[in-house]
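The values are calculated or read from the model by the stated rules, or taken from the named source; none is laboratory data. Because the structure is a prediction, the values reported are computed rather than measured. Reconstructed Cβ throughout: ideal geometry from the backbone, glycine too, with neighbour counts over all protein chains shown. Areas reflect the complete protein model, heavy atoms only, side chains present, ligands, DNA and RNA absent. Shrake-Rupley method; radii C 1.70, N 1.55, O 1.52, S 1.80 Å.
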Amino acid sequence: MKYTVLWCSLFFVVLSLSSCKTQFQHQINKGQYYQIDTSIVADSSIITYYAPYKAKLETEMNRVIGYADHYITRNRNAPESLMGNFFADALLWKGKQLDPDVQASFATKDGIRADLHAGNVTVGNIFEVMPFENAVCILTLSGGDMLRLADYMVKTGGQPVGGMELVIENGKAKEFLIQGKPIAPDALYKLVTYDYLANGGDYITFFDNPIARKDYNQLLRETLMEYVSDLAKQEKHVQVKLDGRVQIIK
């Protein structure tokens, strides 16, 4: 199959003869056609240039950092999923390392972009799960903002969380616990998430006025890698289960 690319150069003509306002009009100057097909010979010098980098990249992406005992799947239609729990648990693990007072973690279903298959877990697998340059962020929130978080989870049918338990019944939060205790409206809570959400991504508004915020250079992707690698150092595998941290009662 042949593909044709039309390269057009655009220029503007200034029209200011009858007005003090400058007006612009764009026109097509000329077009030139190039055929792109198998007749084009690959430039061996370019291939030679990038080949070492490609080999190095592939070696790093294929590096094994851990092992998963079973298939860890996403399910955006369920209140919790294996992948969501893995993701939130890794985030909470890192949050407690950065600040021992962190009590909970929060992510969103749409931020998790791949499953983990059973067997070896590679660097490339984690890049598939989190391809973005999101960085870890720790927020200090009021009890009222935590209740707003619960309302968001009710409306969206649950989200990946760690250190929290939420029971949704008849479209309302029936029970909402942090570290096993009910939310106190006048208390403060430390929650670990990532900058995209803290900045209002995924239509989140309950992070708009935190008591305090601390951003870290720690990428979320690096957090997942470190979590899996730490399990491997302890001679443990990645094992995740559904534990009812978010439930919907109908």
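State all residues of segment 48-98 that are basic (K, R) and either at pLDDT 95 or above or surrounded by fewer than 12 Cβ atoms within 10 Å (Cβ to Cβ) (or both); if no residue qualifies, say none. Hits for segment 48-98 are K54, K56, R63, R74, K94, K96.
For beta carbons closer than 9 Å, sequence separation of 6+ or different chains, a first residue in segment 54-72 that is on the phi < 0 side of the Ramachandran plot and of a type in the set (S, T, Y) and a second that is in a strand (DSSP E or B) and at pLDDT 95 or above, the qualifying pairs are Y67/G119; Y67/N120; Y67/V121; Y67/V238; Y71/L116. Within segment 154-197, the set of residues being in contact (Cβ under 8 Å) with a residue 60 or more places away in the chain, in contact with a strand residue (DSSP E or B) (Cβ under 6 Å, 6 or more places away or on another chain), more than 14 Å from Q103 (Cα to Cα) and not acidic (D, E) comprises G158, L166, V167, I168, K174, Y194. Among the residues of segment 101-137, those identified as buried (at least 22 other Cβ atoms within 10 Å of the Cβ) and within 19 Å of A187 (Cβ to Cβ) are V102, A104, S105, F106.
Considering each residue of segment 226-236 in turn, at least one proves to be over 28 Å from P79 (Cβ atoms) and either of a type in the set (G, A, S) or open to solvent by less than 40 Å² (accessible area, probe 1.4 Å) (or both). With the condition kept exactly as written, say whether any residue in segment 226-247 is among the small types (G, A, S), part of a loop (DSSP other than H, G, I, E, B), more than 21 Å from the chain's Cα centre (by Cα) and at positive phi. Yes, segment 226-247 has at least one match.
The set of residues from segment 139-162 being hydrophobic (A, V, I, L, M, F, W, C) and open to solvent by 10 Å² or more (accessible area, probe 1.4 Å) comprises L147, V154.
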